[in-house]
Amino acid sequence: MQNTYKAEPYRIKMIEPIRETTRTERETLLANAGYNPFSLRSEDVYIDLLTDSGTGAMSQAQWAALMMGDEAYAGSRSFYRLERVVKAITGYAYFIPAHQGRGAEQVLLPRLVHKDGMVFLSNMHFDTTRAHVELAGARAIDCVVDICFETAKEAPFKGNFDLTKVTHQIEEKGPDKIAGIIMTLTNNSAGGQPVSMENLRAVSALGRHYDIPLIIDGARYAENAYFVKCREKGYADRTMREIVREAFDLADIFLMSAKKDGLCNIGGLIAIKEDRKLFDTCRTHLVPLEGFPTYGGLTGRDMEALAVGLEEALEEDYLAHRFDQVRYLGDRLIAAGVPIQRPVGGHAVFVDCRAFAPHIPYDQFPGQSVVNALYLEAGVRAVEIGSFLLGRDPDTGENLQSPLEFMRLTIPRRTYTYRHLDVVADAIIAIHAKRTELVGLTFEYEPPVLRHFTARLRPITP
Ligand code: F0G
């Protein structure tokens with residue numbers, strides 16, 4: 001991919017004011033938030049890079065579509081419109097809406113667990129996917145390629161499955177113990193890193209050989225397909241629709257958090273290629289968990305906006321610009337010597353905080369220390385993806401050590417400008433220059449599960 005840095009392929013017709021605070025204000029705000037930016041009010045954040053989930057801007061076509069929402073409890077016109085779009089993109093026979101990705105997970109994943117001791121294999125499970133696998137009584141095993149842990153090494157598809165690892169797991173556990181293979185596109189936890197079509201094809205062949213269903217967890221499937229188009233031999237002249245269809249043809253089930261590549265603020269979906277029995281049992285469970293099968297937790301207007309967003313997310317102008325923005329931020333950091341996961345992924349720049357602050361041990365959370373410094377420096381909110389998020393070993397109670405200590409700078413879709421990204425880059429470069437002054441953190445309050453959302457911390461002053 002070239003470094004083009006093209007301007008935004010849109011102009012702004014509605015604005016949402018954001019406020020810059022002073023450093024003194026931020027010191028008080030961060031202390032009050034227990035040194036955990038999850039507890040900040042969004043009004044006190046200048047540029048919010050916490051997540052790309054549900055935080056993007058909708059287009060005029062989506063806002064117009066909202067007015068067409070049919071809010072009937074059953075048989076809504078908006079459901080049928082969304083169903084048409086999903087079936088046209090995936091080629092799958094069955095569609096079920098859900099309120100967001102984890103809603104789709106709670107409906108689908110337990111249906112694939114038929115007995116004790118089953119496991120799911122994934123390149124990398126996202127946190128909520130792992131949680132639903134475990135709630136269903138199964139285990140989640142990651143089989144990503146090892147190069148994804150070497151942040152400084154460039155490779156085009158660092159999200160790929162390691163085929164040796166996955167084959168070994170299938171043979172060791174026995175194929176009847178594998179509830180499903182989950183292909184996360186792009187691989188969020190590894191830095192938004194893509195998976196090649198070649199890898200998807202090989203994993204699909206394994207699944208078919210052993211009769212194991214292949215599930216695409218495709219929150220960012222359009223971004224993954226764009227990486228394939230730009231980086232994989234033979235795809236440069238293929239349309240986005242052709243590339244995504246080839247990926248769906250290789251899988252059996254599509255799970256999606258539509259808050260990402262659905263370009264919506266809420267939404268999720270399940271699509272099933274041909275397994276009617278599975279569709280029926282999912283629909284049965286959908287009713288008590290999410291809602292009636294023709295709304296699944298969404299309003300009619302949500303389904304209208306999603307029908308439009310799914311199509312817009314496959315437009316090449318939009319994708320080229322999105323990749324350009326993420327790469328722009330990454331390139332500015334690389335040029336200044338800031339260590340990041342390379343090459344940059346699809347939705348975020350992941351700063352390698354173990355390399356950034358090597359003097360802070362993992363159990364004093366180097367990623368969180370850099371996240372806090374960034375907020376103090378410029379009012380920018382990022383998120384830690386490392387040992388703070390990972391939590392403790394349930395048996396020993398010890399802090400687990402994450403293989404990667406990241407600060408994720410997640411870029412919402414169509415929301416910020418290149419100048420906003422300059423503010424972020426300048427602030428990180430300034431912190432990097434004084435990185436030896438960064439200190440670790442310790443708990444003041446630690447919740448027993450999913451601690452990173454609500455924990456309160458305190459800097460360890462020397
Ligand atoms: N799968 C992947 C790959 C995700 O990144 C997410 C959410 C989900 C499933 C769950 O979807 O939030 O709609 O329930 N990722 C967000 C993030 C939260 O910030 O990366 P959800």
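The values are calculated or read from the model by the stated rules, or taken from the named source; none is laboratory data. Keep in mind the model is a prediction, meaning the values are calculated, not measured. Cβ: placed from backbone, ideal geometry, glycine included. Neighbour counts: every protein chain shown.
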Is it true that some residue in the range 36-44 is within 12 Å of the ligand (Cβ to nearest atom) and under 25 Å from Leu163 (Cα atoms)? no
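Take the range 290-307 and flag every residue that is of a type in the set (Val, Ile, Thr) and surrounded by fewer than 20 Cβ atoms within 10 Å (Cβ to Cβ).
Once the filter is applied, which keeps residues that are of a type in the set (Val, Ile, Thr) and surrounded by fewer than 20 Cβ atoms within 10 Å (Cβ to Cβ), the range 290-307 yields only Thr299.
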Complete set of residues in the range 329-343 that are away from the ligand (no atom under 16 Å from the Cβ) and either touching a residue at least 40 places away in the same chain (Cβ under 8 Å) or closer than 27 Å to Gly54 by Cβ (or both): Leu329, Gly330, Asp331, Arg332, Leu333, Ala336, Gly337, Val338, Pro339, Ile340, Arg342, Pro343
Checking the conditions here, which among Gln368, Gln364, Gln401 is polar (S, T, N, Q) and buried (at least 24 other Cβ atoms within 10 Å of the Cβ)? Gln368
Assess whether Ala65 counts as being closer than 30 Å to Cys230 by Cβ and either modelled with pLDDT under 95 or in the same structural domain as Tyr94 (by TED's automatic domain parsing) (or both). yes
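Out of Leu404, Leu438, Leu376, I need the residue that is out of contact with any Cys (no Cβ under 8 Å at 6 or more places or on another chain) and at pLDDT below 95. Which one?
Leu404
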Six or more apart or on different chains, Cβ under 7 Å: which pairs go from a residue in the range 176-188 that's under 22 Å from Asp211 (Cβ atoms) and within 9 Å of the ligand (Cβ to nearest atom) to one that's aliphatic (A, V, I, L, M) and not in a strand (DSSP E or B)? Could you list them? Thr184/Met124
Can you tell me which of Glu154, Glu150 is of a type outside the set (Gly, Ala, Ser), away from the ligand (no atom under 16 Å from the Cβ), in contact with a Lys or Arg (Cβ under 6 Å, 6 or more places away or on another chain) and closer than 29 Å to Gly337 by Cα? Glu154
Would you mention how many residues in the range 1-43 are without any contact (Cβ under 8 Å) to a residue 24 or more places away in the chain, part of a loop (DSSP other than H, G, I, E, B), of a type in the set (S, T, N, Q) and farther than 30 Å from Lys233 by Cα? 1
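Condition test on Leu250, is it under 26 Å from Gly137 (Cβ atoms) and among the hydrophobic types (A, V, I, L, M, F, W, C)?
no
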Considering every residue within the range 85-105, establish whether at least one is within 16 Å of the ligand (Cβ to nearest atom) and among the basic types (Lys, Arg). yes
If you go through the range 28-35 one residue at a time, do you hit one that is in contact with a strand residue (DSSP E or B) (Cβ under 6 Å, 6 or more places away or on another chain) and within 16 Å of the ligand (Cβ to nearest atom)? no
Hits in the range 106-134 - residues which are within 16 Å of the ligand (Cβ to nearest atom) and among the charged types (D, E, K, R): Asp127, Arg130, Glu134
Here is a list: Gly69, Gly137, Gly103. Which entry is free of Cβ contacts under 8 Å to residues at least 40 places away in the same chain and touching an Asp or Glu at 6+ places or on another chain (Cβ under 8 Å)? Gly137
What is the one condition in (1) within 22 Å of Thr186 (Cα to Cα); (2) assigned to a helix (DSSP H, G or I) that Val351 does not satisfy? (2)
Unique residue being under 29 Å from Val308 (Cβ atoms), in the same structural domain as Arg81 (by TED's automatic domain parsing) and touching a helix residue (DSSP H, G or I) at 6+ places or on another chain (Cβ under 6 Å) when the list is Ile216, Ile272: Ile272
